[in-house]
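Structure first, commentary second.
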Amino acid sequence: METRELTCINCPLGCQLTVQIDGDNISVSGNTCPRGEAYGKKEVIAPTRIVTSSVIIEGGTIERVSVKTASDIPKGKIMDIMKEIKAARVKAPVHIGDVIISNVAGTGVDIVASKNVYEAV
């Protein structure tokens, strides 16, 4: 049996979780709500993350636009995603929610703008 200690990140409480893995049986303790149990199980089976960064913008009022993944992605894909983000360039104007990179690193998830950047005058 394997035991992992985690801090739940699903709400501000930050419950200290103990996840016990015994083959296909996974039990979670220390959570104060059902979201903590779901987080603990997911984190040991298939951990995911939201990635935030910035992309160079050409002709904008600022040099970079903040971006993020539209949903969570497999944790193991973070470095591949960051390579694509680093190589990306976009032209102003950009609006919140605009897709900057489609299907980033083959994940089926888009990179979207999280800030408005207007064209420089």
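The values are calculated or read from the model by the stated rules, or taken from the named source; none is laboratory data. Everything quoted here is computed from the prediction, not taken from an experiment. Glycine gets a Cβ as well: all are built from the backbone with ideal geometry, and neighbour counts include every protein chain shown.
A few notes on this one:
- Checking ALA120, ALA88, ALA70, ALA38 one by one, the residue that is surrounded by fewer than 19 Cβ atoms within 10 Å (Cβ to Cβ) and out of contact with any strand residue (DSSP E or B) (no Cβ under 8 Å at 6 or more places or on another chain) is ALA38 and no other.
- Considering the range 63-113, and only residues there that are of a type in the set (Ser, Thr, Tyr) and within 13 Å of the chain's Cα centre (by Cα), the residue that is farthest from ILE45 (Cα to Cα) turns out to be THR69.
- Top-ranked residue of the range 91-101 - restricted to ones that are assigned to a strand (DSSP E or B) and among the aliphatic types (A, V, I, L, M), ranked as surrounded by the fewest Cβ atoms within 10 Å (Cβ to Cβ): VAL99
- Those residues of the range 107-121 which are more than 13 Å from THR52 (Cα to Cα) and touching a helix residue (DSSP H, G or I) at 6+ places or on another chain (Cβ under 8 Å), in sequence order: THR107
Listed here are the residues, each with its yes/no results for (1) of a type in the set (Gly, Ala, Ser); (2) in the same structural domain as PRO93 (by TED's automatic domain parsing).
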site	(1), (2)
ARG35	no, no
LYS41	no, no
GLY59	yes, yes
ARG64	no, yes
SER71	yes, yes
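- Positions within the range 102-121 being among the β-branched types (Val, Ile, Thr), in a loop (DSSP other than H, G, I, E, B) and at pLDDT 95 or above, in sequence order: THR107, VAL109
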